[in-house]
Amino acid sequence: MLKHPQRRTLIQLAALAAMAMTAAAMAPAAFAQSEIRIAHVYSKTGPLEAYGKQTQAGLMMGLGYATGGTMTVAGRKLVVIEKDDQGKPDLGKSQLATAYSDDKADLAVGPSASGVALAMLPVAEEYKKILIVEPAVADSITGDKWNKYIFRTGRNSSQDAIGNAVAIDKPGVTIATLAQDNAFGRDGVKAFKEAIKKGKLVHEEYLPAATTDFTAGAQRLIDKLKDQPGRKIIWIVWAGAGNPFKIADMDLKRYGIEIATGGNILPAMAAYKNLPGMEGATYYYYGIPKNPVNEALVSMNYKQFKAPPDFFTAGGFSAAMAIVTALKKTNGDTKANALIKAMEGMSFDTPKGPMTFRKQDHQAMQSMYHFRIKNDPAFAWGVPELVREIKPEEMNVPVRNGR
């Protein structure tokens, strides 16, 4: 028999404390009850590293802005868990599963590449948790591969295509396309073909995503276009490394052939300096939208990075605005059904102005910007000057998910 009941009590208390700590370690959700855990799966490295890093920067700035600097919603702290998918579909898929299960993520954002996004969609459905797709573009993400847990703040291939068709689809125009041979490139061209109503599309050229020598592809494009009457345009849809605008060096002007394309990140738009007068449509350029959210993003980005925000910085910021708007509507409830109910048809402010998640396929309806390139010596890139804003209601964006 113990002579020291006080000592026995202390031993019992210590044992109870150890058990409690073990239980807490086994159930991280208990610790995390006051947190809202957001997984960001993106290309921290890999071919689209520049896109991924911009998205991450925009996401964090956007969460700060949307919460008034508190990083809390309804008394719950927002915690962002970063995952590097390296642009690999299998890796993105396994990392999203790990985020939802082991990391107890309540919802997720990402990825940078369309191929990775397509691998991730079934994981969101399996775990019954929200995935906000930003910035992967392929139509199939909110099309035939979609499920109800998927929302997209990024633009889709159809929005890109319809915007660019507004810029270049005119009677008497003959068009050939140059695109990457992947989900992004093929969905982009497919949507563009559907959007062309007045001009004539005569050739589609697909090259591997890692292409650096565009000579053979360009020659095929020239051969298809050179004898066509009227205005002749090569429309380029390209992401990541490689500079398809090198084809301009093949004396396209001799054949009366022009280049057209959409917007891009600022380093890639350095190639646009040599193409003054080129027209297209862009998702975002920091100098175009005039609204308080864009002013805040530009100011925050200059303060943090001593540079203007780029294409995908705006996208990350928009995803953050959507997340916080939805969580405020649910009063911090992260259950998928509550979020879906809040987000379907939901409008939210972004650096591009208001976006609205369309109820049928959860694609964010948003403006695109018809631009004309100006070569301004003060800038390292070709400056896209606004011709006009193409409003969401002007774009008949197809619903492709059969819902």
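Just for strands (runs of 3 or more DSSP E) wholly inside segment 155-268: which have at least 3 residues that are open to solvent by 30 Å² or more (accessible area, probe 1.4 Å), farther than 29 Å from Ala380 by Cα and not polar (S, T, N, Q)?
Filter on segment 155-268 gives 200-207.
Mind checking which residues of segment 362-378 are on the phi < 0 side of the Ramachandran plot, surrounded by 15 or more Cβ atoms within 10 Å (Cβ to Cβ) and not charged (D, E, K, R)?
Within segment 362-378, Gln363, Ala364, Met365, Gln366, Ser367, Met368, Tyr369, His370, Phe371, Ile373 qualify.
Within segment 379-403, count every residue that is of a type in the set (A, V, I, L, M, F, W, C), open to solvent by less than 30 Å² (accessible area, probe 1.4 Å) and not in a loop (DSSP other than H, G, I, E, B).
Selection size over segment 379-403: 2.
Tell me, yes or no, whether segment 344-359 has at least one residue that is touching a Leu at 6+ places or on another chain (Cβ under 8 Å), open to solvent by less than 10 Å² (accessible area, probe 1.4 Å) and within 14 Å of Tyr284 (Cβ to Cβ). Working first, answer last.
Residues of segment 344-359 that are touching a Leu at 6+ places or on another chain (Cβ under 8 Å), as a first pass: 351.
Still in the running and open to solvent by less than 10 Å² (accessible area, probe 1.4 Å): 351.
Going one step further and asking which of them are within 14 Å of Tyr284 (Cβ to Cβ), we end up with 351.
Checked segment 344-359: at least one residue is touching a Leu at 6+ places or on another chain (Cβ under 8 Å), open to solvent by less than 10 Å² (accessible area, probe 1.4 Å) and within 14 Å of Tyr284 (Cβ to Cβ).
Test of understanding: among Thr55, Thr45, which residue is crowded, with 21+ Cβ neighbours inside 10 Å and either touching a His at 6+ places or on another chain (Cβ under 6 Å) or within 23 Å of Ala241 (Cα to Cα) (or both)?
Thr55 is the lone residue from the list that is crowded, with 21+ Cβ neighbours inside 10 Å and either touching a His at 6+ places or on another chain (Cβ under 6 Å) or within 23 Å of Ala241 (Cα to Cα) (or both).
Condition first: assigned to a loop (DSSP other than H, G, I, E, B) and farther than 21 Å from Asp187 by Cβ. Can you find one or more residues in segment 109-124 that meet it?
Checked segment 109-124: no residue is assigned to a loop (DSSP other than H, G, I, E, B) and farther than 21 Å from Asp187 by Cβ.
When you go through (1) under 30 Å from Asp106 (Cα atoms); (2) under 20 Å from the mean Cα position of the chain (by Cα); (3) of a type in the set (A, V, I, L, M, F, W, C) one by one for Ile390, which number turns out not to apply?
Unmet condition: (1).
Within segment 299-343, can you find the residues that are open to solvent by less than 40 Å² (accessible area, probe 1.4 Å) and either among the acidic types (Asp, Glu) or part of a loop (DSSP other than H, G, I, E, B) (or both)?
The answer is Ala307, Pro308, Pro309, Asp310, Thr330, Gly332, Thr334.
Is it the case that Met60 is in contact with a Gly (Cβ under 8 Å, 6 or more places away or on another chain), touching a residue at least 60 places away in the same chain (Cβ under 8 Å), surrounded by fewer than 24 Cβ atoms within 10 Å (Cβ to Cβ) and in a helix (DSSP H, G or I)?
Yes, satisfied.
Name the single residue, out of those in segment 272-297 being more than 22 Å from the chain's Cα centre (by Cα) and among the hydrophobic types (A, V, I, L, M, F, W, C), that is most open to solvent (accessible area, probe 1.4 Å).
Within segment 272-297, the match that is most open to solvent (accessible area, probe 1.4 Å) is Leu275.
Conditions (1) touching a residue at least 12 places away in the same chain (Cβ under 8 Å); (2) surrounded by fewer than 21 Cβ atoms within 10 Å (Cβ to Cβ); (3) out of contact with any Ser or Thr (no Cβ under 9 Å at 6 or more places or on another chain), marked per residue:
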residue	(1), (2), (3)
Pro89	yes, yes, yes
Gln95	yes, no, yes
Ser101	yes, yes, yes
Val109	yes, no, no
Ser114	yes, no, no
Pro122	yes, yes, yes
Tyr127	yes, yes, no
Ile132	yes, no, no
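Does any residue of segment 11-34 turn out to be in contact with a strand residue (DSSP E or B) (Cβ under 8 Å, 6 or more places away or on another chain), modelled with pLDDT of 50 or more and within 26 Å of Ala119 (Cα to Cα)?
No, because not a single residue in segment 11-34 is in contact with a strand residue (DSSP E or B) (Cβ under 8 Å, 6 or more places away or on another chain), modelled with pLDDT of 50 or more and within 26 Å of Ala119 (Cα to Cα).
Pairs please, first residue from segment 387-399 and within 16 Å of His362 (Cα to Cα) and at pLDDT 95 or above, second anywhere and part of a strand (DSSP E or B) and of a type in the set (Ser, Thr, Tyr), Cβ atoms under 9 Å, 6+ apart in sequence or on different chains.
Every condition considered, the pairs that remain are Pro392/Thr356.
Restrict the check to segment 173-191 and report whether at least one residue is in contact with a Pro (Cβ under 8 Å, 6 or more places away or on another chain) and among the β-branched types (Val, Ile, Thr).
The answer is yes; a qualifying residue exists.
The values are calculated or read from the model by the stated rules, or taken from the named source; none is laboratory data. What you are looking at is a predicted structure, and each value in this text was computed from that prediction instead of being measured. With ideal geometry, Cβ positions are generated from the backbone for all residues, glycine too; neighbour counts draw on all protein chains shown. Keep in mind that these areas ignore ligands, DNA and RNA; they rest on the heavy atoms of the full protein, side chains included. Shrake-Rupley method; radii C 1.70, N 1.55, O 1.52, S 1.80 Å.
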